[in-house]
Amino acid sequence: MFRLILPFFLVPFFLFCSVSTFSSSEVAAEKAARRIADLIVSRKGEKTVLGLATGSTMIPVYQELKKIIQKEKIDLKAVVTFNLDEYLDIPLSHPESYHSFMHTHLFNELFAYGLKSQNIHIPCGSTWEGYEEKIKKEGPIDLQLLGIGRNGHIGFAEPGVSPFSRTMIVDLAESTREDNARFFNGRLELVPRRAVSMGIATILEAKEIILLAFGENKAKAVQEAIRGAISSQVPATFLQKHPKVDFYLDAKAAEGLKQEKIRCFTNARLLIDHQFVEGELWTEGGKVAAKSSRSADEVIDMGGKMLAPGLIDLQINGAFGCDFSRNPEKLEKVASQLAQFGVTTFFPTIVSSSPERYQELLTQLQPDRFDGKKAANAGIHLEGPFFCPKRVGAHFMEHLVIAATPLEEVYGDIQGVQIITLAPELPGMEELIFDLKKRGIVVAAGHSSATFQEMKKAIKEGVTFATHLFNAMTPYHHREPGIVGAALIDPQIAYTVIADGNHLAPETVAMSYKCNPEGLILVTDATEALGRSEGVYRLGPLEIDCLEEALYVRGTNTLAGSKLSLDKAVKRLCEYTECSKAFALEAASLKPAIVSGLYPIKGTFTIGADADFVAFSEDLSIEATYIGAEKVWEAILE
Ligand code: F6R
């Protein structure tokens, strides 16, 4: 059994979100108001905590709510409210402040029904720091109302926000300022640049959420929020992690959710829960779906083939003559060719670089969903530069940073980064790891001289896995087992291996498998030489020689990445360990999805996951690769 511990954020979820499309925004607003009123009444005088939003969408909701309260004389003595956000740098008395908005559109008429001003909470410049504590004290929020920005923001949690964010000061996105200029006589220069807002983690703690969206200009954001891959770039997609969220839409906002193509892949053997199960796979609009009551638009007979979730490479420096640390502009081209190896998701990896170079690379390698026909870039893997000089491997010594240094000084803006490999024993790493975890970044240990105890401590601090076990780390010693010992003794610890026959002896892979099969994950550490013949290539600043299957830093015997493809690694793992095909395939799909935070959107056939999958023949050769249920690559059969 695979027993990696899932951080709370990765705990599997099922899509409990419901979508209601109403004939008009007025009807939707009425329904939302009714639900709030019913909730208050059902409490029979016990406390009701409401999370409130502002913006044009909320105006009809509040109008209806006032009507109901007045008509039914609902007692509001026990109602406590928390608003999502407030502008900074304008006075609270400004007609467009959210304090003014809430009083004008709701509160002023509710005091007569028992609403107490001390029960109203709206964050602002002077109170935001205590806001979380207040919510904690009074909360949890029973029902949170949300609008959505055209850029997918909720509250003022803008694109790029961390899923772990809490009440914070934010710089408003330019797109938000442009949209909100409508409230400031169309004058962009009058729209504040900063705001205070609840964070994503705060919002997700509400027991129930209703998101309202009206009008065609919300259609795209709504579609992304419900159907898109979870990403900081569209903050509302984090709502997919919430167990009870209801979307109240008018027809125009629901436009992007119109019926999508339903496909049924029949006569397949599906890799589910560590084994192949005969059955059929249903997909709808690029996602795995439940068997539909409507008949499929397309039925595809898979001829009894094994279907596994698309392969996920946590560590790939490049391929097909593109080194991500040198030619990031070719990323999309590489992505379009990875499907031939069964790879549908990857983490472009960059070697230790200078601060200036990091800035350029990070800008160009930002995660993107491309056009749906290419492997998805799920986020950048920064391999370095916090490395132990003794374990420099094929990194450039001058670029190493050997003690904690503010992240921004080293990398610049780390938006889009999903994984960082570092040496946890370096001075100050405890705080650094803490900081990275707070930002939602997965931390791996590698290029390290950590002792067994240091690695155990690092795991407690938040290190999730060991990068290319055995390579670029202190070798196992019978009196000092180091990272290797720490990873192999504990089934809760994950570790990656490069099973190319060069980085590790086959027996080393077999031994690792025997000690800790649950933790074993395959990566390629491929370089631009993947898909190319022998010759001289580059890995960041270093030249590398490609001799047959092995790569070395020019003129040395230091291994420098590989030209291994992930499907080949799967085959090798089977050969080296005699593990089952299901096991080897999960080591390159389910497990990397879990450690990287992509599960359950990737690496699984769970309902709601992206329908990325690979059809394999009995000898584990790839017959076809599908991304979003579309065939993107097929083997040419002789
Ligand atoms: C709410 C908030 C925003 C708005 C969103 C939509 O307090 O800060 O998330 O809900 O910008 O605004 P409208 O409804 O005006 O389109």
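Summed over region 100-135, the residues that are away from the ligand (no atom under 16 Å from the Cβ) and within 16 Å of I200 (Cβ to Cβ) give a count of 1. Among the residues examined, S175 does not qualify as buried (at least 22 other Cβ atoms within 10 Å of the Cβ) and of a type in the set (S, T, N, Q).
Restricting attention to region 125-165, the residues being among the small types (G, A, S) and over 17 Å from the mean Cα position of the chain (by Cα) number 7.
Checked against (1) farther than 17 Å from T527 by Cβ; (2) touching a Phe, Trp or Tyr at 6+ places or on another chain (Cβ under 6 Å), H381 passes all but condition (1).
Of the set (1) more than 19 Å from K207 (Cα to Cα); (2) surrounded by fewer than 18 Cβ atoms within 10 Å (Cβ to Cβ), all apply to M168 but (2).
Within region 92-132, the set of residues being surrounded by 15 or more Cβ atoms within 10 Å (Cβ to Cβ), among the β-branched types (V, I, T) and assigned to a helix (DSSP H, G or I) is empty. The residue that is modelled with the highest pLDDT, counting only those in region 324-370 that are in a loop (DSSP other than H, G, I, E, B) and under 18 Å from the mean Cα position of the chain (by Cα), is L365.
Pairing residues of region 96-107 that are within 14 Å of T127 (Cβ to Cβ) with residues that are more than 12 Å from the ligand (Cβ to nearest atom) and not in a helix (DSSP H, G or I), at Cβ distances under 9 Å and at least 6 apart in sequence or on separate chains, gives S97/I90; S97/P91; S97/C124; Y98/L92; Y98/C124; H99/L92; H99/S93; H99/C124. Scanning region 42-59 for residues that are in contact with a strand residue (DSSP E or B) (Cβ under 9 Å, 6 or more places away or on another chain) and either within 16 Å of the ligand (Cβ to nearest atom) or not in a loop (DSSP other than H, G, I, E, B) (or both) yields S42, T48, V49, L50, G51, L52, A53, T54, T57, M58.
Mind listing whichever residues of region 143-165 are within 25 Å of A29 (Cα to Cα) and surrounded by fewer than 20 Cβ atoms within 10 Å (Cβ to Cβ)? If the condition is that a residue be within 25 Å of A29 (Cα to Cα) and surrounded by fewer than 20 Cβ atoms within 10 Å (Cβ to Cβ), then R150 is the only one that fits.
Of the residues in region 245-277, how many are more than 30 Å from S25 (Cα to Cα) and in contact with an Asp or Glu (Cβ under 9 Å, 6 or more places away or on another chain)?
The number of residues fulfilling the criteria is 10.
Only one of these conditions is not met by G139: (1) more than 24 Å from K31 (Cβ to Cβ); (2) surrounded by 23 or more Cβ atoms within 10 Å (Cβ to Cβ); (3) in contact with an Asp or Glu (Cβ under 8 Å, 6 or more places away or on another chain); (4) small (G, A, S). Which number is it? For G139, the failing item is (2).
Among the residues of region 246-255, is any out of contact with any strand residue (DSSP E or B) (no Cβ under 6 Å at 6 or more places or on another chain), surrounded by fewer than 18 Cβ atoms within 10 Å (Cβ to Cβ) and not in a loop (DSSP other than H, G, I, E, B)? Among the residues of region 246-255, at least one is out of contact with any strand residue (DSSP E or B) (no Cβ under 6 Å at 6 or more places or on another chain), surrounded by fewer than 18 Cβ atoms within 10 Å (Cβ to Cβ) and not in a loop (DSSP other than H, G, I, E, B), which makes the answer yes. Against the list (1) β-branched (V, I, T); (2) farther than 20 Å from L590 by Cα; (3) buried (at least 18 other Cβ atoms within 10 Å of the Cβ), the condition I312 fails is (2). Please tell me if R182 is loosely packed, with under 15 Cβ neighbours inside 10 Å, within 12 Å of the ligand (Cβ to nearest atom) and part of a helix (DSSP H, G or I). When the stated conditions are applied, R182 passes them. Considering R187, R194, the condition of being among the charged types (D, E, K, R) and away from the ligand (no atom under 15 Å from the Cβ) is satisfied by R187 alone.
Scanning region 21-41 for residues being in a helix (DSSP H, G or I) and away from the ligand (no atom under 16 Å from the Cβ) gives a total of 10. The residue that is farthest from Q418 (Cα to Cα), among those in region 219-249 that are away from the ligand (no atom under 16 Å from the Cβ) and hydrophobic (A, V, I, L, M, F, W, C), is I226. What residue, among those in region 133-152 that are part of a helix (DSSP H, G or I) and in contact with a Phe, Trp or Tyr (Cβ under 8 Å, 6 or more places away or on another chain), is farthest from D85 (Cα to Cα)? The selected residue is E138.
Got a sec? Which of S580, S589, S562 is crowded, with 21+ Cβ neighbours inside 10 Å and closer than 15 Å to F616 by Cβ?
It is S589.
So if I check each of T237, T266, which one is modelled with pLDDT under 95 and hydroxyl-bearing (S, T, Y)? Just one listed residue meets the conditions, T237.
When residues in region 505-558 are screened for being of a type outside the set (A, V, I, L, M, F, W, C) and not in a loop (DSSP other than H, G, I, E, B), 12 of them pass.
Taken as a whole, the structure leaves E575 outside the set of residues that are farther than 27 Å from V351 by Cβ, in contact (Cβ under 8 Å) with a residue 12 or more places away in the chain, surrounded by 22 or more Cβ atoms within 10 Å (Cβ to Cβ) and of a type outside the set (G, A, S).
Picking from residues in region 66-91 that are outside any loop (DSSP other than H, G, I, E, B), over 30 Å from E129 (Cβ atoms) and not charged (D, E, K, R), the one that is farthest from the ligand (Cβ to nearest atom) is Q70. Restricting G519, G501, G535, G531 to residues that are free of Cβ contacts under 8 Å to residues at least 12 places away in the same chain and of a type in the set (G, A, S) narrows the list to G535. Against the conditions (1) away from the ligand (no atom under 14 Å from the Cβ); (2) surrounded by fewer than 17 Cβ atoms within 10 Å (Cβ to Cβ); (3) without any contact (Cβ under 8 Å) to a residue 40 or more places away in the chain, E216 satisfies every one except (1). The set of residues in region 559-588 being within 30 Å of K390 (Cα to Cα) and outside any helix (DSSP H, G or I) consists of L559, A560, G561, S562, K563, L564, S565, A587, A588.
The residue that is nearest to the ligand (Cβ to nearest atom), among those in region 197-213 that are part of a helix (DSSP H, G or I) and closer than 17 Å to E133 by Cβ, is I203.
The values are calculated or read from the model by the stated rules, or taken from the named source; none is laboratory data. Please read these numbers as outputs of a predicted model, since none were measured by experiment. Because the Cβ atoms are built from the backbone with ideal geometry, glycine has one as well, and the counts that use them run over all protein chains shown.
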